Amino acid sequence: MLSCDICGETVTSEPDMKAHLLIVHMENEVICPFCKLSGVNYDEMCFHIETAHFEQNELERNFARINTIQIRTSDNRKDNTLQCRMEVNSSVHSACASNHPKISVQSLPNDGTLEHKTFYSENLTESRKFLKSKEKECDPSKIKGSIYETTYSSPECPFCGRIEDCSQDMENHVKTKHADLLDTPSEDHDQPLYDCPMCGLICTNYPILQEHVDLHLEESSFGHGIDRVQCSRDLELAHQLQQEEDRKRRSEESRQEMGEFQKLQRQYGLDNSGGYKQQQLRNMEIEVNRGRMHPSEFHRRKADMMESLAIGIDDGKTKTSGIIEALYRYYQNAATDVRRVWLSTGVDHFHSSFGDKGWGCGYRNFQMLLSSLLQNDAYDDCLKGMSIPCIPKIQSMIEDAWKEGFDPQGASQLNNRLQGTKAWIGACEVYTLLTSLRVKCHIVDFHKSTGPLGTHPRLFEWILNYYSSDREGSPKVMCTSKPPIYLQHQGHSRTVVGIEERKNRTLCLLIFDPGCPSREMQKLLKQDMEASNLKQLRKFVGNLKHKQYQIVAVEGVLSSEEKVARRQASQVFTAEKIP
């Protein structure tokens, strides 16, 4: 099969191709390549194609722009140029036009040059062959007139930069390789366009869109991967910072807890800073250094202290006796605002000294309570031959009670050791010591307020019932056979020695405070005692507003069996709670 280079028609043999060229392309007529119109000259055919076949001819226009011959100097590309000198005159143009059946002189431009405008491919190819044949026939040495030096450069593809030998090859290259890039009306314009959902780019077909979107996804995936790595690093850093912060917080909490624990140890005398003896000597030395005590007085008191510690008996230097009797006389002759008053049996007041100041209130209150029991014949059986012990002796007695098995939990909290320390004692230790001495007593816990503004009226009522079983018909002043009551609250303890019922039916406790010095207590022993002197003893309901109060009340003497039973019961300490 042979194909015509001019119109592209295919024939079966060479004779058929010659006949086709002779009949179709060599006769003196111009035929429209689109609709087969004939019988018109060249200019009329060009006008016909421009008006009737504009869309079909638009593709040829684009290739005409690509195939435009670029004229350059011979020095730029000598190896790819063909230099020829031609003298163009009217006779040459006439000859060329007469030898080409489809080009007339009238159809040429004024300057006598051939320009490719709107020819279809058949006419372009035919014209190109005609020009080449004429170049061979012309002898440049015989041409005279104006000389033009024209340089023909090899065409270069405007899309990919490829260089072809001739424009025909370039035309075929662009048609085959870059047909989709040509801005020509075609059937593809009727096909749907695809918008990228991520950036809005318009794609001509679905595969291109899919490839484009895949690039987006790969970029997004890569970005997410970087974000995940960065997020992982951020989480690791945050975890490290959180761990460091937690470590610092735990360290700070541990330091604060240790500080609070050491503070409590110092407060309760468990900081191994010495006991009664060491504190007594240290405070007396301070008094000597300040000039408040003579050195001779220091040595005398030191000797008395050492003797007291050796025998285990209090030296009595902080004791004040006879106060209950003085109160009885006062209420008999004065106190017109008091309706009735109940007093305990005789009690000696003991106050703190240089050796126990700040921590010995519990020991001093026990001495007060024991002083009353020693004056009561009902307790001679269990306390026979006993004297008021000094504070180190009381500590030793409590340790002995722990060794017997009383209150093991309390003993554990104090490390089973009191001697040589400034450890505080409370209601449980006083109960343990009295029970070990076969003194019957019990603890009552007023664990919360029972009145307005944090007051404890139930505490006052309980103490009134303790001292008076029958208030009606009793005298104004009643000296009972009841021992005083040990009263404990947070940070301090005192001793209740009586209770007043005033004419307005309010109650007032009479309390001995170990913090009150002897010189103040001795004012109560005067014959002309005034009501103002009782101010330090009287405590009304509004004066006791601590959150919790505990009392130890003595009820009698225990038998040996009862002592054993109470020792067993003290394994888990319990108390009566009100309310």
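The values are calculated or read from the model by the stated rules, or taken from the named source; none is laboratory data. Owing to the predicted nature of the structure, the values given are computational and were not obtained by experimental measurement. In this analysis, Cβ positions are derived from the backbone assuming ideal geometry, glycine residues included, and neighbour counts consider all displayed protein chains. We work out accessible area using only protein heavy atoms, side chains counted, and drop any ligands, DNA or RNA first. Shrake-Rupley method; radii C 1.70, N 1.55, O 1.52, S 1.80 Å.
What the table shows:
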quantity: Anisotropy class of segment 370-484 from Cα gyration tensor, a/c 1.5 cut; calculated: oblate
quantity: Per residue solvent-accessible surface (Å²) - segment 354-487, probe of 1.4 Å; calculated: 39 Å²
quantity: Contact order relative to length of segment 415-534, as percent, for alpha carbon pairs under 8 angstrom and 6 or more apart; calculated: 14 percent
quantity: Calculated Rg and Dmax of segment 195-269 using C-alpha coordinates, Å; calculated: 28.8, 93
quantity: Equivalent ellipsoid semi-axes, segment 165-319, via Cα gyration tensor eigenvalues times 5, rooted, Å; calculated: 106, 15, 11
quantity: Shape of segment 285-369, Cα gyration tensor, a/c cut at 1.5; calculated: prolate
quantity: Greater than 26 Å apart at Cα, pairs in LYS317/LYS547; LYS476/LYS523; LYS317/LYS523; calculated: LYS317/LYS547
quantity: Rg(Cα) / (2.2 N^0.38 Å) computed for segment 481-579, rounded to two decimals; calculated: 1.36
quantity: Sites matching GluC sites (Glu not before Pro) across segment 463-510 that sit in DSSP coil, with at most 11 neighbouring C-beta atoms within 10 Å; calculated: GLU472
quantity: Where segment 219-298 is the region considered: accessible area per residue in Å², 1.4 Å probe; calculated: 79 Å²
quantity: Total formal charge among the other residues, if their Cβ is under 11 angstrom from that of SER570, Lys/Arg +1 and Asp/Glu -1; calculated: +1
quantity: Sorted largest first, extent of segment 482-536 alpha carbons per principal axis (Å); calculated: 35, 32, 21
quantity: Taking all pairs of distinct alpha-carbon atoms in segment 242-316, Kirkwood radius in angstrom; calculated: 15.7 Å
